[in-house]
Amino acid sequence: MRRRLRLGGRTGLALVAGFGLLFAGTSVSSAVQEKSAGAATVAALVVKNNDFNSDTHSDVLSVDTAGRLWLYPGSGAGGWQSRVGYSLGWDAMTQLLVPGDFDGDAHADLMSVDADGYLRLYSGDGHSGWQVWKRFGGGWNAMTAVRGVGDFNGDGFMDIMARQSTGQLWLYPGNGKGGFLTRVGYGYGWNAMTALMGIGDFDGDTFPDLAARDGDGAVWLYRGNGTGGWLAGRTLIGSSWQNLTALVTPWDFSGDGKADLLVRNVPGALLMYRGNGTGGWTLPPVQVGSGWNGMTKIVS
């Protein structure tokens, strides 16, 4: 099913202010398994496109308590430009994700899972608006997390990952034309994680990685090998994150070419943790917003 989606056209000032937070550490269920794969040839990273207005900067999308979708264009230096409002009704979506350029037209796209369990693709027009949307098959309400992870298998096309209610993690490779190739299953035990994040190339090896927060608030980095599998081991990159209410992966939000992370605390403040390009952080974190507890979903 394909339909036109009309741009709401409302604009306003972005919410800007700040907050702070720290880390520590713990372990996760040994049921989280790894899929082995051979060594990949190092190549240039295919960057996930989350630039919805074509100004070359990473942007953020959110849904407010009234169900309105908002675009917060990034400034390219860890700040914001004026936000853009779209139509109401997005509170009916159980999940939102930014897969990058999923349909191969060089524009950033948006995906959602609706209340009936159907996955939807909203094709971006490159000018802060949308072209058409189409619906994939149902059953996605069996997935407790669906995330855009970039080109995880190294074929040049954007992929998504999904965690099933059984705890199994799946890779859904994109075909570069708005559809999927055959899915790949990883280990079970991922339901021990309270958040999954397609964080981008966090360790600087040109391959997209996955980050996950466990029930104790520890954040783990699982390094992709560039061919749809994992490098050995995992790395603790944060702790005491259990009280954060949103973890957002804009890839490079600060403009330094390294993957970053945006987090929201209980009072609604937004903080940017700048990645250092080698699997760690450039501290201290930077305050970039407040009032974000008025948003029910935040994605990038």
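Results, tabulated for the structure shown:
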read-out	value
Every pair of residues 6+ apart whose Cβ atoms lie under 7 Å, when the first sits in the range 180-193 and is at pLDDT 95 or above while the second is charged (D, E, K, R) and assigned to a loop (DSSP other than H, G, I, E, B)	186/35
Residue match in the range 79-94 (condition: closer than 24 Å to residue 204 by Cα and surrounded by fewer than 19 Cβ atoms within 10 Å (Cβ to Cβ))	yes
Candidate set: the range 183-205, residues that are part of a loop (DSSP other than H, G, I, E, B) and aromatic (Phe, Trp, Tyr); chosen: the one nearest to the chain's Cα centre (by Cα)	202
Identity of the residue in the range 95-145, among the β-branched types (Val, Ile, Thr) and within 18 Å of the chain's Cα centre (by Cα), that ends up surrounded by the fewest Cβ atoms within 10 Å (Cβ to Cβ)	144
Given (1) free of Cβ contacts under 8 Å to residues at least 24 places away in the same chain; (2) among the polar types (S, T, N, Q); (3) part of a strand (DSSP E or B), number of the condition residue 249 does not satisfy	(1)
Selection within the range 283-298 - in contact with a Gly (Cβ under 9 Å, 6 or more places away or on another chain) and surrounded by 16 or more Cβ atoms within 10 Å (Cβ to Cβ)	285, 286, 287, 288, 289, 290, 292, 293, 295, 296
Odd one out for residue 153 among (1) on the phi > 0 side of the Ramachandran plot; (2) buried (at least 16 other Cβ atoms within 10 Å of the Cβ)	(1)
Those residues of the range 227-248 which are under 18 Å from the mean Cα position of the chain (by Cα) and more than 21 Å from residue 270 (Cα to Cα), in sequence order	228
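The values are calculated or read from the model by the stated rules, or taken from the named source; none is laboratory data. Everything quoted here is computed from the prediction, not taken from an experiment. Virtual Cβ from ideal backbone geometry, glycine too; neighbours counted across all protein chains shown.
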